[in-house]
Amino acid sequence: MNKNIKQVTLVLENCESIVVPAECFKEFSFKRGENKEGENLYIKSLNCIIKDNGNMKYEMTYGENSTSPVQRLGKCNDITSVKIEYEDESSEVLSVVWSDDYNVNNNENQINDLVTYNELHIRIRSKLQTSKENLKQIQNQIKEYQLLETTTLREIKHLELLEAV
């Protein structure tokens, strides 16, 4: 599936959202995650560089808005979901997995780097992905250890047989 993105809405804590048109992305890549039933789509990883060309929209449910969208995104690591709208009018909403140490204003799985006053680099990496990768790595290490242990036992038995002769 390779569709052209029209815009991306970053939904933030406190019912704020920032609409980013496709032309504001210098880079945008993501990986989806889903449960076994194919439901509950979430962001496994997201990497994007946003440069505000004046067409980004910062939407709030209350209060006045005097902050630029890039400055607001750079201020807090609090993206809760990502809505991707495609040129063919289809869309998908992906939730963002928050770190185990839940803090309403800061998701440890999200890193924001303000490059310039109007450019921001955002990276999100789900702890779910990290945990699964770590588990797979540990399982592989155990298999390697078991193989090594089996090989070593065979070598010891072989040596014992040679000594007995």
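Things to note:
- Were the residues from residue 25 through residue 59 laid out at 0.36 nm apart, the gain over their Cα-Cα distance would be 10.4 nm.
- Karplus (6.51, -1.76, 1.60) ³J(HN,Hα), θ = phi - 60°, over region 107-118, in Hz, Gly and Pro reported as x: 9, 5, 7, 10, 10, 10, 10, 6, 7, 9, 4, 10
- Label positions at residue 75 and residue 92, each projected 7 Å from the Cα along the C-beta direction, are separated by 3.2 nm.
- Sequence-distant residues sharing a close amide H with residue 6 (under 5 Å, placed H): 85, 86, 87
- Restricting region 12-94 to trypsin sites (Lys or Arg not before Pro) that sit in a DSSP loop and have at most 12 other Cβ atoms within 10 Å of their own Cβ leaves 36.
- Taking amide H atoms as placed 1.01 Å from N in the peptide plane, the amide H of residue 81 lies under 5 Å from those of 11, 96, each 5 or more residues away in sequence or on another chain.
- Note: region 5-125, Cα convex hull, 109 Å³ per residue.
- In order along region 85-90, the Karplus-derived 3J(HN,Hα) couplings, from 6.51 cos²θ - 1.76 cosθ + 1.60 at θ = phi - 60°, round to 10, 9, 5, 7, 6, 7 Hz, and Gly and Pro are given as x.
Values quoted throughout were computed directly from the atomic coordinates according to the rules given, and no laboratory measurement underlies them. On a predicted model such as this, the values are computed, not experimentally measured, just so you know. Please note: Cβ atoms are built from the backbone with ideal geometry, for glycine as well, and neighbour counts cover all protein chains shown.
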